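A short write-up of the structure that comes next.
The values are calculated or read from the model by the stated rules, or taken from the named source; none is laboratory data. Since this is a predicted model, take the numbers as computed values, not measurements. In this analysis, Cβ positions are derived from the backbone assuming ideal geometry, glycine residues included, and neighbour counts consider all displayed protein chains. Accessible surface is based on the protein model in full, side chains and every heavy atom, while ligands, DNA and RNA are left aside. Shrake-Rupley method; radii C 1.70, N 1.55, O 1.52, S 1.80 Å.
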Amino acid sequence: MTAMKIGVLAMQGAFAEHIQILRDIGVEGVPIRLPEDLDGISGLILPGGESTTMRKLVDRWGLREPIERLIESGAPVLGTCAGMILLSRRIVDGDESVFPVLDVEIKRNAFGRQLDSFETDLVVPLLGNRPMHAVFIRAPIVERAGPDVDVLARLDDGRIVAVRQRNVLATAFHPELAGETRFHSLLATMAADHDEPGEGSAPRRRGSAARDMASGSPGRNRQAASS
Amino acid sequence: MSTETSTWATKKGLAQMLKGGVIMDVVTAEHARIAEDAGACAVMALERVPADIRAAGGVARMSDPALIEEIMHAVTIPVMAKARIGHFVEAQILEALGVDYIDESEVLTPADESFHIDKHQFKVPFVCGCRDLGEALRRIAEGAAMIRTKGEAGTGNIVEAVRHIRAVHSGIRALAAKRDDELFTAAKDLQAPYELVAEVAHTGRLPVVNFVAGGISTPADAALAMQLGAEGVFVGSGIFKSDDPARMARAIVQATTHYDDPRILADVSKGLGAPMRGLELATIAEADRLAVRGW
């Protein structure tokens, strides 16, 4: 099979950092600036940045509908920080949802201004026992999560900072700033499962696509642990 | 588990979140809302844009904290504010207000001709101007978590900004080509700490985000800065001194995202009305140049 490509929304924000993490796990990251850039990608990352800016640019360049269709098709999506806001169905105090696919209520700048940005360590049980270093920058928080949403991580005080609902993953923090590859590896595994060879005509063989991919390039050892 | 606020990673990290974006100078809450609506990733709260500072003459200082607070309340995007070079008390005041970033800026009249602010002493992150690689690394050594090339603010003329971003990048390329045993002398020549010089030589990039500032007044100017290696742009007078600020602001935002797509650049550049008039650099006396402030 051809090498997997994961799109990274490149309107504004830390998209280069995500592309670098994808490179570290042997996956090609493709910057997405126009609808046609979405052709041939197996999954999508919505990076950190300013959500207000990104929401305007997504509409200006006609990306809202094609990205919605991509998510509805079951392709996996990872949103970090501003990306998590874009994926949330309800936003406290204001703006309407951009891609209303995560059944959560989210609060923007939930910790305060830049002076309140912080780093900590978290455990994300789905991704193993090794703690994950998490950088929160003017970060949002999930205030309420619906019944179909899996909570993947909480702060010590119980507040929700990482979730999954079917093919949608989202974190309030920035794995891409801490050299953390496990969320990206999970995304790549989900993407391989989604676009398994045969394009739906053949019976699904879970995990086989991930194995094909693993044989293709080095640096993928963590993926096996997370899948 | 241990939680730490205002770390180097969070300071530098906010600048990473601003990348690919436009930071706009605003002088009122209404300007700030126009900037946010146009897609600015942050605003710089000021009493006067650089073109007006230049015209007014006299001593330019930190803006009125009441104005800065009003702008902070008007928008949800990050708000930056300027302190004079070396004026660490202005910086303390801005930190107390809770601004998201402080610009230790040559656009204001310097308060100290020998020492920049020791930015490590602050919880709030700083951005500083530079004209070349050595100046960038000196500011980073003092604790700047973001760099911008200076250009010549308030002129609407991109020529100095081009000179400065080219100087930074050619400096980086020259370092990357050196042998390790040549880096000690390179550090001496750059007048910058050896550790930072070695880091740049090995990674081929600055350790913090670098934007271009000073003279950007059209979408094409913004895209030129980006193609020359900027990671985002500051636009000062260029927006609110143009005929149709909201439109110019939107166009510069679009051009910064699509900086390498001439078809889109052509499209967003259409019918914008007059940009700010601008100044020919040769007509500005040496004493009136802002970029030479700082060292």
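Sort out which residues of segment B:1-28 are more than 11 Å from every other protein chain (Cβ to nearest Cβ) and under 23 Å from A:Met54 (Cα atoms), and write them in order of number. Within segment B:1-28, B:Met24, B:Asp25, B:Val26 meet the criteria.
Of the residues B:Thr10, B:Thr3, the single one that is open to solvent by 20 Å² or more (accessible area, probe 1.4 Å) and touching a Ser or Thr at 6+ places or on another chain (Cβ under 9 Å) is B:Thr3. Within segment A:1-31, the only residue that satisfies the criterion of being of a type in the set (Lys, Arg) and either crowded, with 18+ Cβ neighbours inside 10 Å or in a strand (DSSP E or B) (or both) is A:Lys5. Give the residues of segment B:47-57 that are crowded, with 22+ Cβ neighbours inside 10 Å and of a type outside the set (A, V, I, L, M, F, W, C), sorted by residue number. Answer for segment B:47-57, where residues must be crowded, with 22+ Cβ neighbours inside 10 Å and of a type outside the set (A, V, I, L, M, F, W, C): just B:Pro50.
The test for being touching a Gly at 6+ places or on another chain (Cβ under 8 Å), hydrophobic (A, V, I, L, M, F, W, C) and open to solvent by 30 Å² or more (accessible area, probe 1.4 Å) holds for B:Leu190.
For segment B:29-46, the criterion of being more than 9 Å from chain A (Cβ to nearest Cβ), within 18 Å of the chain's Cα centre (by Cα) and surrounded by fewer than 24 Cβ atoms within 10 Å (Cβ to Cβ) is met by no residue. With respect to A:Leu34, is the statement that it is closer than 21 Å to B:Ala42 by Cβ, touching a helix residue (DSSP H, G or I) at 6+ places or on another chain (Cβ under 9 Å) and within 14 Å of another protein chain (Cβ to nearest Cβ) true? Answer is no for this residue.
Quick grid of which residues meet (1) touching a Ser or Thr at 6+ places or on another chain (Cβ under 8 Å); (2) away from chain A (no Cβ under 14 Å):
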position: B:Pro50; (1), (2): yes, yes
position: B:Ile68; (1), (2): no, no
position: B:Ile71; (1), (2): yes, no
position: B:Val79; (1), (2): no, no
position: B:Leu94; (1), (2): no, no
position: B:Ile102; (1), (2): no, no
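Going through (1) within 11 Å of chain A (Cβ to nearest Cβ); (2) surrounded by fewer than 24 Cβ atoms within 10 Å (Cβ to Cβ); (3) under 28 Å from B:His120 (Cβ atoms); (4) in contact with a strand residue (DSSP E or B) (Cβ under 9 Å, 6 or more places away or on another chain) one by one, B:Arg61 falls short only on (1).
Comparison of A:Asp116, A:Asp93 shows that the only residue that is surrounded by fewer than 16 Cβ atoms within 10 Å (Cβ to Cβ) and facing another protein chain (nearest Cβ under 10 Å) is A:Asp93. If a residue has to be within 14 Å of another protein chain (Cβ to nearest Cβ) and open to solvent by less than 10 Å² (accessible area, probe 1.4 Å) to count, how many in segment A:145-165 make the cut? Residues meeting the conditions: 2. Per the listing B:Ala66, B:Ala55, the residue uniquely among the aliphatic types (A, V, I, L, M) and modelled with pLDDT of 95 or more is B:Ala66. The criterion of at least 1 residues that are over 22 Å from B:Met80 (Cβ atoms) is met by the following helices (runs of 4 or more DSSP H) wholly inside segment B:181-295: B:183-190, B:194-203, B:219-227, B:245-257, B:262-268. Against the numbered list (1) in a helix (DSSP H, G or I); (2) farther than 29 Å from A:Ala139 by Cβ; (3) open to solvent by 30 Å² or more (accessible area, probe 1.4 Å), B:His120 comes up short only at (2). Would you confirm whether any residue within segment B:101-112 is more than 23 Å from B:Gly214 (Cα to Cα), surrounded by fewer than 17 Cβ atoms within 10 Å (Cβ to Cβ) and over 18 Å from the mean Cα position of the chain (by Cα)? No, every residue in segment B:101-112 fails to be more than 23 Å from B:Gly214 (Cα to Cα), surrounded by fewer than 17 Cβ atoms within 10 Å (Cβ to Cβ) and over 18 Å from the mean Cα position of the chain (by Cα).
If I filter segment A:185-194 for residues that are at pLDDT below 95, surrounded by 20 or more Cβ atoms within 10 Å (Cβ to Cβ), closer than 26 Å to A:Arg23 by Cα and acidic (Asp, Glu), do I get at least one hit? Yes. A search for C-beta distances below 8 Å between a residue of segment A:55-75 that is within 12 Å of another protein chain (Cβ to nearest Cβ) and under 17 Å from A:Ser88 (Cα atoms) and any residue that is open to solvent by 30 Å² or more (accessible area, probe 1.4 Å) and of a type in the set (Lys, Arg), counting only pairs 6+ apart in sequence or on different chains, returns A:Val58/A:Arg64.
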